[in-house]
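The values are calculated or read from the model by the stated rules, or taken from the named source; none is laboratory data. The structure displayed is predicted, hence computed values, not measured ones. Positions of Cβ are generated from backbone atoms using ideal geometry, with glycine treated the same way; all protein chains shown enter the neighbour counts.
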Amino acid sequence: MFGYNGKVLRINLKTRQIATEALNMEDAEKFIGGRGLGTKMMMDEVDPQVDPLSPENKLLIVTGPMTGNPVATGGRYMVVTKSPLSGTIASSNSGGKWGAELKFAGFDVIIFEDKADSPVYLSIEDDKVELLPADDLWGTTVSNVTKKMQERHAKGCKVMTIGPAGENLSLIAAIMNDEDRAAGRSGVGAVMGSKNLKAIVVKGSGKPPVFDKDIINEMNKVQLAKIKANGVTGQGLPTYGTAVLVNILNELGSLPTNNFQLSQFAAADDIGGEKLAENYLIKNTACYRCPIACGRYVRIGDQEGGGPEYETLWAFGSDCGINDLDAIIKANHWCNEMGLDTISAGSTIAAAIELKEKGYIKEDELDGLKLEFGNGTDIIEWTKRMGYRQGLGNKMAEGSYRLAESYGVPEFSMTVKKLELPAYDPRGVQGQGLQYATTNRGGCHVRGYLISPEVLGMPEQLDRFATEGKETWTKIFQDLTAVIDSLGVCLFTSFALGAPDYADMYNAISGTHHTAESILQVGERIWNIEKMFNLKAGILPDQDTLPERLLHEPIAEGPSKGWVHKLDEMLPKYYEVRGWSAEGMPTEEKLKELGL
Amino acid sequence: MEIEVRYFATFRKNNINKETMIFIDEATVGDVLKQAGIEEKEVAILLVNGIKVNQIKKLSHGDIVSLFPPVGGG
Ligand code: SF4
């Protein structure tokens with residue numbers, strides 16, 4: 001099969017042994033790459049019951065067949081491991097240029113095993129692969145490591161690194177690449193930190209082989225035209241990035257505010273994409289081969305850098321009741337420097353504020369800092385403290401679930417499977433809520449973006465409050481997203497492209513013979529193997545749920561007033577369309593049908 | 001009757017985020033669009049009081065009309 005290099009790099013950090021192995025092409029055919037293939041490798045090599053921060057857990061960096069190849073957004077990679085935050089399978093996606101560079105160096109996958117005795121980093125220059133000491137990098141921030149690596153290594157090298165948060169085993173730590181791109185969720189940065197692995201610097205000079213250049217050119221012509229013609233990918237995302245969603249969700253009354261106690265934020269416009277574009281934006285930026293360019297590059301005072309996404313504006317903004325855009329941009333910057341997931345970090349601060357207001361967190365735990373809804377003064381300091389595990393920041397570094405649980409009130413944590421929920425109140429978007437509850441990695445919106453039909457009207461407009469038929473939409477979106485995440489392209493292409501386009505893409509690059517139907521079946525296989533990993537890890541269907549607040553407290557005001565999430569109605573139907581038992585377990589027949 | 005019209009993204013011209021439109025008789029969302037100089041096909045998300053509608057929707061005093069061009073993706 002084309003599109004792959006056919007090579008896996010296996011690094012034992014303890015023995016310092018570096019080996020190159022052939023990629024199992026049978027598995028590649030069944031699981032594509034990225035998220036799918038990574039999960040299959042985890043299933044084969046790691047006991048799902050492993051302690052995620054022990055040397056026995058493995059850290060996999062997995063590209064897809066599109067990564068580094070000539071397709072729109074073909075530059076993405078996945079970090080696959082067992083999550084220390086949720087205990088589920090973790091697969092965190094990132095863009096930038098790093099993933100493509102790994103393909104140019106001749107590898108598809110890196111597997112890290114065991115733990116180094118002292119801090120190290122990995123340097124890859126084509127087939128020259130070395131583990132080098134990282135003592136001078138340990139303890140330093142992401143931009144510092146990136147700069148040092150670029151001074152020390154080949155011109156144009158790409159750098160992936162953890163910040164202090166990953167080193168300090170914060171369960172909400174991200175892995176960063178190209179300075180401000182993040183494999184953000186599920187605490188994958190802590191797994192890297194637990195292995196004493198600080199960074200991976202890569203430079204390659206090759207190109208993966210592709211199937212047929214003429215077919216690829218034709219396919220690209222069609223797909224680029226679709227991306228350009230689509231309102232969201234052609235105009236909306238390039239102009240405003242994701243940030244424009246702040247006002248949309250607020251107008252719908254589904255913008256979680258004050259730790260999901262409210263669903264509208266009076267000052268939403270102060271933190272929206274329009275304000276960001278008006279007062280801070282210098283230019284938009286793009287990941288490898290991306291015609292959409294949704295990235296924000298902003299200036300604040302004399303500082304320039306990557307700007308906040310919608311999720312970040314929400315997490316540090318309305319979820320904390322904060323309308324100080326300066327403070328949010330700086331908190332975003334410090335998340336990038338510390339290597340923290342902005343969603344989990346902001347949401348954990350929001351939970352901490354509620355715990356403080358309700359009297360669980362005491363004044364003397366604050367070291368004189370403010371922890372109040374609407375007060376942005378100290379969110380930057382709290383962010384740093386989470387990264388360095390200082391003071392109350394030490395507890396917050398564990399994420400909102402463990403924080404709230406430590407005070408005996410886990411219900412104040414707005415999480416599913418201990419992963420912080422993103423910026424859509426599911427009471428006002430019922431399909432998205434079903435998606436949150438059933439996602440294998442926990443509270444996540446990018447495993448099936450039901451906001452697309454429920455809010456944006458794509459590919460067709462659904463009633464956001466209706467439950468009818470949402471189980472089928474959820475399943476299809478989840479399966480298709482699993483395909484996209486495994487190919488190595490960006491989920492945002494799916495506003496303009498559908499399953500037949502992804503089949504065309506894979507066929508053109510890899511010479512496969514997929515149809516929309518067959519590729520969706522691969523997606524379903526991936527979904528089910530993730531589920532099987534979770535079940536073996538002890539994450540049972542009782543965790544397919546939402547926080548109590550969202551199930552039992554009706555939204556108090558605004559356009560979504562009176563709604564709770566109707567998970568009880570939806571979940572049994574979802575299990576049924578998945579072909580699982582009524583208890584939410586994949587059946588023997590289903591697994592057999594999928595070749596698992 | 002008074003209608004509050006909220007503009008978002010590229011519909012914000014000359015820094016006008018919102019305005020109040022006054023209609024003597026009955027009015028529909030289509031009338032609001034006409035007065036705002038926006039064609040229906042330019043609007044991707046059209047809300048009255050946070051609920052999606054189309055341009056034939058009749059308005060009542062105090063309604064809030066929110067207009068978004070094609071944007072989004074998070
Ligand atoms: S759409 Fe945005 S996140 Fe996706 S590849 Fe392009 S720039 Fe990166």
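Please list, ordered by residue number, the strands (runs of 3 or more DSSP E) wholly in segment A:113-207 having 1 or more residues that are modelled with pLDDT under 95.
Values: elements: A:120-125, A:128-133, A:158-161, A:175-177, A:181-183, A:197-203.
Answer list for segment A:113-207: none.
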May I ask you to list the residues in segment A:286-318 that are more than 10 Å from the ligand (Cβ to nearest atom) and away from every other protein chain (no Cβ under 14 Å)?
A:Tyr297, A:Val298, A:Arg299, A:Ile300, A:Gly301, A:Asp302, A:Gln303, A:Glu304, A:Gly305, A:Gly306, A:Gly307, A:Phe316
Taking segment A:215-273 only, how many residues are at the interface with another protein chain (Cβ under 9 Å from one of its Cβ atoms), buried (at least 24 other Cβ atoms within 10 Å of the Cβ), in a helix (DSSP H, G or I) and without any contact (Cβ under 8 Å) to a residue 60 or more places away in the chain?
4
Touching a residue at least 24 places away in the same chain (Cβ under 8 Å), more than 14 Å from chain B (Cβ to nearest Cβ) and buried (at least 23 other Cβ atoms within 10 Å of the Cβ): does that describe A:Val201?
yes
What's the number of the condition A:Tyr502 fails, among (1) more than 14 Å from chain B (Cβ to nearest Cβ); (2) out of contact with any His (no Cβ under 9 Å at 6 or more places or on another chain); (3) more than 30 Å from A:Phe260 (Cα to Cα); (4) within 16 Å of the ligand (Cβ to nearest atom)?
(2)
Going through segment B:17-44 one residue at a time, which ones are over 28 Å from A:Gln461 (Cα atoms) and loosely packed, with under 12 Cβ neighbours inside 10 Å?
B:Thr20, B:Ile22, B:Ile24, B:Asp25
Looking at A:Met192, A:Met219 in this structure, which one is assigned by TED's automatic domain parsing to the domain that holds A:Ala154 and either within 28 Å of the chain's Cα centre (by Cα) or not β-branched (Val, Ile, Thr) (or both)?
A:Met192
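Where in chain B are there strands (runs of 3 or more DSSP E), lying wholly inside it, with at least 2 residues that are away from chain A (no Cβ under 14 Å)?
Details: elements: B:2-7, B:18-22, B:45-48, B:64-68.
Passing ranges, in order: B:2-7, B:18-22.
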Any chance you could count how many residues in segment A:562-596 are under 15 Å from A:Pro426 (Cβ atoms) and either in contact with a Pro (Cβ under 8 Å, 6 or more places away or on another chain) or modelled with pLDDT under 95 (or both)?
4
Tell me, which residue of segment A:549-579 that is in contact with a strand residue (DSSP E or B) (Cβ under 9 Å, 6 or more places away or on another chain), within 14 Å of another protein chain (Cβ to nearest Cβ) and surrounded by 19 or more Cβ atoms within 10 Å (Cβ to Cβ) is nearest to A:Leu434 (Cα to Cα)?
A:Ile555
